[in-house]
Amino acid sequence: MQRNTPFDFTLQNAQGESCVAQAWAKVQPGLDASERFALKQQIKEALRERDAVLIAHYYVDGDLQDLALETGGVVADSLEMARFGRNHTAKTLIVAGVRFMGETAKILSPEKTVLMPDLDATCSLDLGCPADEFSAFCDAYPDRTVVVYANTSAAVKARADWMVTSSCALEIVQHLKDKGEKILWAPDRHLGRYIQEQTGADMVLWQGDCIVHNEFKSEELAMLRRAHPNARVLVHPESPAGVAAQADLVGSTSALLRAVVEGDATTYIVATDKGLFHRMRQLAPGKQVIEAPTAGESATCKSCAQCPWMAMNGLQGVLRCLHQGAGEIHVTAQIQKQAHQCIDRMLDFTQQRPGALRPGLVPHLGAA
Ligand code: 13P
Ligand code: SF4
């Protein structure tokens, strides 16, 4: 049986004022090997029957990642998930990730049915940036180009000029800066600050954060590095400044994965959701990957390097989508039309650059 566990977390608005919010972590039932095998077989059959394809993020359960790859789907970062879903010919997209990923898939492919294992799977960045407050923030800066992170609702994207993900944010802001544009950025303050530092762009930042990455601790990381002096430190840019400052590489989930697979070190300390370790261990079996430190042993769900919302995705939820059509994503025609533009801009931009689909936030190990 799935267990529902409440947890509190802090949300910050554009001005950095905080409020405490509560959500439910739904802990997936423990399944034995034969139950998992049986569920996977049923899902494989149902995917074929329904003309459906499974699109999984690197943070979801390892079984779902494997299943996506075994059935012609994909396991990817949020940029590649969006592109894969748009380009695939299947009638139904099963998106195993969080809500904004399903909405992006639907916006790009309104003619397809988009289903998600659990519609409660959201994201603290999305929750912390309500469309009406965001709209007022934009109204206060009418002369700025509005750039939003993918981790936002469709309604927020409808107000944006550009959508970016962590794998192309730096290049796109650099491009806008080179054209003389001033930027309004939302909602992740750490990624926004990182881009501002790297590009020198004129940016006003919304003050949101990711409750998972915000928990990585810089002092404890410094101690862990001393214990592993030859380790490379890989950091997702949603992490705090003191953590990113110690990184050999700051990058998207794909960039971090590639750094482990292609890097010449044998040990890596990784500051991101530990779901990514599944693929790292599969593709680089001889290498050691160590979790970057969070709040410690009495960690709550939000401080254990595992996104409580990504963790809502399970085999049973995927089967419910396929058998019952559960978890359907709907986006109104008006929002779809408005939000499409900013996503298309990003997809066009990343196609034109050399080495399309290769993550770009790789200042230390060389951009692809
Ligand atoms: P990526 O775009 O790097 O996959 O990140 C998505 C995300 O939600 C990170 O927390
Ligand atoms: Fe959102 Fe953070 Fe979860 Fe990514 S890890 S989906 S940014 S809460």
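A compact table of results
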{"read-out": "Per-peptide average of other Cβ atoms within 10 Å, ordering 125-133, 147-155, 332-340 highest first", "value": "147-155, 125-133, 332-340"}
{"read-out": "Share, in percent, of DSSP beta bridges within the chain that are antiparallel, nearest 5", "value": "25"}
{"read-out": "18 Å Cα-Cα reach of Lys106 towards lysines, excluding residues that sit fewer than 8 places from it in its own chain", "value": "Lys91, Lys157, Lys337"}
{"read-out": "Burial ranking of peptide ranges 196-206, 266-276 (average Cβ count within 10 Å, highest at the top)", "value": "266-276, 196-206"}
{"read-out": "Length released on extending from Ala326 to Arg281, taking residue separation times 0.36 nm less the Cα-Cα span", "value": "13.0 nm"}
{"read-out": "q = 0.08, 0.11, 0.15 Å⁻¹: log10 I(q)/I(0) that the Debye formula gives for the chain, counting C-alpha atoms only", "value": "-0.37, -0.72, -1.43"}
{"read-out": "Amide H within-cut-off set for Ala21, under 5 Å, with H built and near neighbours excluded", "value": "Phe9, Thr10, Leu11"}
{"read-out": "Within a Gaussian network of the chain (alpha carbon springs, distance under 10 Å), most fluctuating of Ala241, Ala227, Ala186", "value": "Ala227"}
{"read-out": "Tensor-based shape of region 133-178 (alpha-carbon gyration tensor, a/c under 1.5 rounded, otherwise prolate or oblate)", "value": "oblate"}
{"read-out": "Length-normalised contact order of the chain in % [C-alpha pairs under 8 Å, at least 6 apart]", "value": "22"}
{"read-out": "Charge dipole (debye, nearest 20) of the chain; +1 at Cβ of Lys and Arg, -1 at Cβ of Asp and Glu", "value": "620"}
{"read-out": "Full-extension gain in nm, Asp178 to Asp202, via 0.36 nm per residue minus C-alpha separation", "value": "7.5 nm"}
{"read-out": "Normalised contact order of region 213-303, rounded percent, pairs of Cα under 8 Å and 6 or more residues apart", "value": "33"}
{"read-out": "Region 213-303 - Rg and Dmax from Cα coordinates, angstrom", "value": "12.1, 35"}
{"read-out": "Distance (nanometres) between label positions extended 7 Å along Cα→Cβ at Glu220 and Cys19", "value": "2.9"}
{"read-out": "Shape call, region 55-177: gyration tensor on alpha carbons, a/c limit 1.5", "value": "prolate"}
{"read-out": "Ranked list, fewest to most other Cβ atoms within 10 Å of each Cβ, for Ser166, Ser18, Ser218, Ser254", "value": "Ser18, Ser218, Ser254, Ser166"}
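Rule-based calculations on the coordinates, nothing more; no lab input. No experiment lies behind these values; they were computed from the predicted model shown. Here the Cβ is made from the backbone with ideal geometry for all residues, glycine too, and neighbour counts use every protein chain on show.
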